[in-house]
1. Hey, does segment 41-49 have a residue that's more than 27 Å from ALA107 (Cα to Cα) and either open to solvent by 20 Å² or more (accessible area, probe 1.4 Å) or free of Cβ contacts under 8 Å to residues at least 24 places away in the same chain (or both)?
2. Is it the case that ASP37 is open to solvent by 30 Å² or more (accessible area, probe 1.4 Å), under 22 Å from the mean Cα position of the chain (by Cα) and at pLDDT below 90?
3. What number of residues in segment 157-167 are in a helix (DSSP H, G or I) and under 13 Å from LEU130 (Cβ atoms)?
4. Quick one: is ASP77 open to solvent by 30 Å² or more (accessible area, probe 1.4 Å) and not β-branched (Val, Ile, Thr)?
5. Restricting segment 50-69 to residues that are farther than 19 Å from LEU88 by Cα and hydroxyl-bearing (Ser, Thr, Tyr), which is least open to solvent (accessible area, probe 1.4 Å)?
6. Is there any pair with a first residue in segment 1-19 that is of a type outside the set (Ser, Thr, Tyr) and a second that is part of a loop (DSSP other than H, G, I, E, B) and open to solvent by 80 Å² or more (accessible area, probe 1.4 Å) whose Cβ atoms are under 8 Å apart and which are 6 or more apart or on different chains, and what are they?
7. Would you mention how many residues in segment 141-156 are of a type in the set (S, T, N, Q) and part of a helix (DSSP H, G or I)?
Amino acid sequence: MAFTAGYHAEIYGGLDELLHHAPSGGIVLAHDDPGSDIVAQILGGLADRGSWLPVVALSETPETTGVVAAVKAGALDYLALPLDVGPLCEAVDRVVIEANGHRQQRARAADARQRISRLSMREREVLDRLAAGCSNKAIARELEISPRTVEIHRMKMMGKLGARHAAEAVRLRIEATGLDEIAA
């Protein structure tokens, strides 16, 4: 059907073949059998190799639990088979737009992680507490150092991150690790 719609398509015999010969771009259309976790396996396998591709799951009998599991695992769409060319093209167009957003987000996260990796342990502790909403005085109490020492670590941290203000440093921290980790 992808060929009929005018797309280039490559067919893989299974997960191992896909992972060993993964393309550098495109969209993965994965047949999702009931009870399988193929989407999680694909995305996990690609991540282990330092890669990411958008995945669209397909099934003849989509079950709510399977659709939810696939989307939670990272599928950008879930389509019921048999499928007409029109809905396939619409899904591909949607996924391309969404995938570009994911790629940009992943690039920002990688850049933020790289910047944060330059920080000393103490500078990282100051950033973590700053992201949690602590003042310099509260950070000083928690780390058992003087507020002036916190200011020095904060100044060095801002310079290493290339941040002009605290909000920018916190944004980098959030992009690097996500909101869930900060809230924990």
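The values are calculated or read from the model by the stated rules, or taken from the named source; none is laboratory data. Owing to the predicted nature of the structure, the values given are computational and were not obtained by experimental measurement. FYI the Cβ positions are ideal-geometry reconstructions off the backbone, even for glycines, and counts take in every protein chain you see. Surface accessibility is based on the protein's heavy atoms, side chains included, excluding ligands, DNA and RNA. Shrake-Rupley method; radii C 1.70, N 1.55, O 1.52, S 1.80 Å.
1. No, segment 41-49 contains no residue that is more than 27 Å from ALA107 (Cα to Cα) and either open to solvent by 20 Å² or more (accessible area, probe 1.4 Å) or free of Cβ contacts under 8 Å to residues at least 24 places away in the same chain (or both).
2. yes
3. The qualifying residues number 5.
4. no
5. Once the filter is applied, the top-ranked residue is SER51.
6. ALA2/HIS8; ALA9/PHE3; LEU19/ARG49
7. Within segment 141-156, residues that are of a type in the set (S, T, N, Q) and part of a helix (DSSP H, G or I) number 1.
For every residue, the table says whether it meets (1) at pLDDT 85 or above; (2) over 26 Å from ILE42 (Cα atoms); (3) open to solvent by less than 30 Å² (accessible area, probe 1.4 Å).
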{"site": "VAL71", "(1), (2), (3)": "yes, no, no"}
{"site": "CYS89", "(1), (2), (3)": "yes, no, no"}
{"site": "GLY101", "(1), (2), (3)": "no, no, no"}
{"site": "ILE116", "(1), (2), (3)": "yes, yes, yes"}
{"site": "GLU125", "(1), (2), (3)": "yes, yes, no"}
{"site": "ALA131", "(1), (2), (3)": "yes, yes, yes"}
{"site": "ARG148", "(1), (2), (3)": "yes, yes, no"}
{"site": "HIS153", "(1), (2), (3)": "yes, yes, no"}
{"site": "LYS156", "(1), (2), (3)": "yes, yes, no"}
